[in-house]
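A.B. asks: I have a structure here, written as structure tokens, and I will follow up with some questions on it.
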Amino acid sequence: MIFRILDGGAGSELHDLGYHVHEDPLWSARLLDTNPGAIKQLHKSYLEAGADTIITVTYQATVAGFEKFLGVSTERATELIKSGVSLAREACHEVPPNLKKGTERRVAGSVGPYGVFLHDGSEYSGYYVESMTQKDGKYLCHGEKFSEAIQIVMSSDQVIAAGINCTHPSYISELLDSLRPLQISKPIIVKPNSGEGWKSGVGWCGRGEQSPLEAHLTAWVDKGATWIGGCCRIKPHDIKTLKEYVEHIVK
């Protein structure tokens, strides 16, 4: 069984480090222009924690968005998007690899849906297209079954892995169970959020003392997840815990 350790949240972690990105229409992508060093340090923190695959901070990066909210040219906007890859690669080169587990490091490009360009939150509601956002442990917000959507995605030769991103951890096990009858041979990704909610003027709230990764890892692995990381509010120390767990079970 081959495991890959993915990174954790970007925007939420940068916010905790003092960069006020949550009320910004470009979110963490603005820092590609204003503070690229902060983005590189973010990547390095996850690599140091044990991640072997890091994702570029380009989810909210679009040419039109940069033109509008940064006031830059098309050429500069394109350069900034490319710089997201360069920063991640530089971080990989600057953090010594874990010789104990020689998994090849990878940089994955984050490409947000069309809704991120609209800057109205519709990437979560999916109102502009058929929704792929998760409603509960079985269905997407538009009403389709999660398992059927994954089956369609996995049937493409262009897809090497697919799964669940930025979903409440309490839904993950049931979603993985729904995939079992499909006997999927490609890697299944689990990248949940912390289960917290965001309230304007208050911040993140609702997380207990125990990390959702610690509470659910064994079940997720038993149910077939092999590429595991986190999204919003999953921090470097959570990824460290995940790395230690995986190293223990694959001895």
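A.B. asks: Looking only at the range 152-168, which residues are of a type outside the set (Val, Ile, Thr), surrounded by 12 or more Cβ atoms within 10 Å (Cβ to Cβ) and either under 11 Å from residue 186 (Cα atoms) or in contact with a Cys (Cβ under 8 Å, 6 or more places away or on another chain) (or both)?
C.D. replies: 154, 161, 162, 163, 165, 166
Yes/no matrix, rows are residues, columns are (1) assigned by TED's automatic domain parsing to the domain that holds residue 184; (2) closer than 17 Å to residue 241 by Cβ; (3) in contact with a Leu (Cβ under 9 Å, 6 or more places away or on another chain); (4) modelled with pLDDT under 95:
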| position | (1), (2), (3), (4) |
| --- | --- |
| 40 | no, no, yes, no |
| 44 | no, no, no, no |
| 60 | no, no, yes, yes |
| 66 | no, no, yes, no |
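A.B. asks: Further, regarding this structure: Restricting the range 215-251 to residues that are in a strand (DSSP E or B) and surrounded by 19 or more Cβ atoms within 10 Å (Cβ to Cβ), which is nearest to the chain's Cα centre (by Cα)?
C.D. replies: Of everything passing the filter in the range 215-251, 228 is nearest to the chain's Cα centre (by Cα).
A.B. asks: Among the residues of the range 99-156, how many are at pLDDT 60 or above, acidic (Asp, Glu) and within 24 Å of residue 224 (Cα to Cα)?
C.D. replies: Of the residues in the range 99-156, 3 are at pLDDT 60 or above, acidic (Asp, Glu) and within 24 Å of residue 224 (Cα to Cα).
A.B. asks: Another question, if that's okay. Could you grab the pairs with beta carbons closer than 6 Å, sequence gap of 6+ or different chains, first residue in the range 228-246 and touching a residue at least 12 places away in the same chain (Cβ under 8 Å) and on the phi > 0 side of the Ramachandran plot, second one in a helix (DSSP H, G or I) and of a type outside the set (Val, Ile, Thr)?
C.D. replies: That search, which allows pairs on different chains as well, returns 233/12.
A.B. asks: When both residues are 6+ apart or on different chains and their Cβ atoms are under 8 Å apart, which pairs have a first residue that lies in the range 212-226 and is more than 15 Å from residue 239 (Cβ to Cβ), and a second that is among the polar types (S, T, N, Q) and surrounded by fewer than 19 Cβ atoms within 10 Å (Cβ to Cβ)?
C.D. replies: Close Cβ pairs satisfying both conditions: 219/173; 223/173.
A.B. asks: Oh, and also: Please tell me if residue 31 is modelled with pLDDT of 95 or more and surrounded by 21 or more Cβ atoms within 10 Å (Cβ to Cβ).
C.D. replies: yes
A.B. asks: Residues 75, 90: which one is charged (D, E, K, R) and more than 24 Å from residue 119 (Cβ to Cβ)?
C.D. replies: 90
A.B. asks: Any idea which of 71, 18, 50 is at positive phi and in contact (Cβ under 8 Å) with a residue 60 or more places away in the chain?
C.D. replies: On inspection, the qualifying residue turns out to be 50.
Residue-by-condition table, conditions (1) out of contact with any Phe, Trp or Tyr (no Cβ under 7 Å at 6 or more places or on another chain); (2) of a type in the set (A, V, I, L, M); (3) surrounded by fewer than 22 Cβ atoms within 10 Å (Cβ to Cβ); (4) not in a helix (DSSP H, G or I):
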residue: 20; (1), (2), (3), (4): yes, no, yes, yes
residue: 46; (1), (2), (3), (4): yes, no, no, no
residue: 51; (1), (2), (3), (4): yes, yes, no, yes
residue: 61; (1), (2), (3), (4): yes, yes, no, yes
residue: 75; (1), (2), (3), (4): yes, no, yes, no
residue: 78; (1), (2), (3), (4): yes, no, yes, no
residue: 86; (1), (2), (3), (4): yes, no, yes, no
residue: 89; (1), (2), (3), (4): yes, no, yes, no
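The values are calculated or read from the model by the stated rules, or taken from the named source; none is laboratory data. Please read all numbers here as calculations on a predicted model, not as lab measurements. So basically every Cβ, Gly included, is an ideal-geometry build from the backbone, and we count neighbours across all protein chains shown.
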